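Take a look at the structure set out below.
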Amino acid sequence: MIELYYAPTPNGWKISIFLEEAGIPYRLHPMSLKQGDQFKPDFLKIAPNNRMPAIVDTAPADGGPDFAIFESGAILIYLAEKYGRFLPADARGRNTVIQWLMWQMAGLGPMLGQHGHFHLYATENIPYAIDRYRNEAARLYGVLDRQLKKTGAHVAGSDYSIADMACFPWVMTHKAQGFTLDDYPHVKRWYADLRARPALQKGLAAGKLDPLKGDGFASEEDRRRFFGISPQAGN
Ligand SMILES: N[C@@H](CCC(=O)N[C@@H](CS)C(=O)NCC(=O)O)C(=O)O
């Protein structure tokens, strides 16, 4: 069984989308990030970076003990390899998917994450930070648009892959972040194609509550810690 430690955010959705697309049974362990579940000692044994998503595979292919994995990109590669889905077996195809997965993990996700923070959540308006991350996010949208123009289909080529599953949930934030896909017509076409997939929609529906909305912070200290304004565990 795949035990999924999860909150409904872009990084969490990557994994619920994969599991639904591949039709793999899993047990959801909903986490409240605002209440600090990511800092609980039992979770840190699975995910030492105190961030979700994380999984525990209780039936690893080698027949060994339970195997815990953190970092959404590593989880996607592990699941793709274990179940032989959404990652080509040939070296070129596989490496192309991994290039775009790494691009998402190191670029698109973190830059949209920072832009989202300064644009939507920061209590202080800091134009320097907003502009810096907005410009970089716009550049990355341009890179993705040119790639999708080239492939004419999916992020890493003709086949749907874990690179699409990693990028899609972050592109979902475009409206809230003040981007329009009209500026990126190839991203717009790809986004609509993926949005129509029933399994992807099921992945997005997992554990509906949005942990970044509502009044879920127990205290101002929790809010400051969540957004990295106060030191966190391990600092
Ligand atoms: N690089 C990590 C990022 C994970 C991450 O930032 N998760 C966020 C939610 S999207 C989190 O758990 N935040 C909790 C916190 O900031 O305390 C991954 O892709 O798994």
Please go through segment 1-17 and pick out each residue that is within 17 Å of Ala68 (Cβ to Cβ) and away from the ligand (no atom under 13 Å from the Cβ). Met1, Ile2, Glu3
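Report whether or not Asn11 is closer than 25 Å to Asp164 by Cβ and without any contact (Cβ under 8 Å) to a residue 60 or more places away in the chain.
No, not satisfied.
Report, by residue number, each residue of segment 179-202 that is of a type in the set (Ser, Thr, Tyr), more than 14 Å from Ala153 (Cα to Cα) and under 16 Å from the mean Cα position of the chain (by Cα). Give the derivation first.
Filtering segment 179-202 for residues of a type in the set (Ser, Thr, Tyr) gives 180, 184, 191.
Keeping just the survivors that are more than 14 Å from Ala153 (Cα to Cα) gives 180, 184.
Those that are of a type in the set (Ser, Thr, Tyr), more than 14 Å from Ala153 (Cα to Cα) and under 16 Å from the mean Cα position of the chain (by Cα): none in segment 179-202.
Could you list, in sequence order, all residues of segment 70-88 that are at negative phi and more than 10 Å from the ligand (Cβ to nearest atom)? Walk me through how you get there before you give the answer.
Of all residues in segment 70-88, those at negative phi come to 70, 72-83, 85, 87-88.
Within segment 70-88, Ile77, Tyr78, Leu79, Ala80, Glu81, Lys82, Tyr83, Arg85, Leu87, Pro88 meet the criteria.
Since every read-out is calculated from the coordinates, none of them should be taken as a lab result. From a predicted model like this one, the values you see are computed outputs, not experimental measurements. Backbone-built Cβ (ideal geometry, glycine too); neighbour counts: all protein chains shown.
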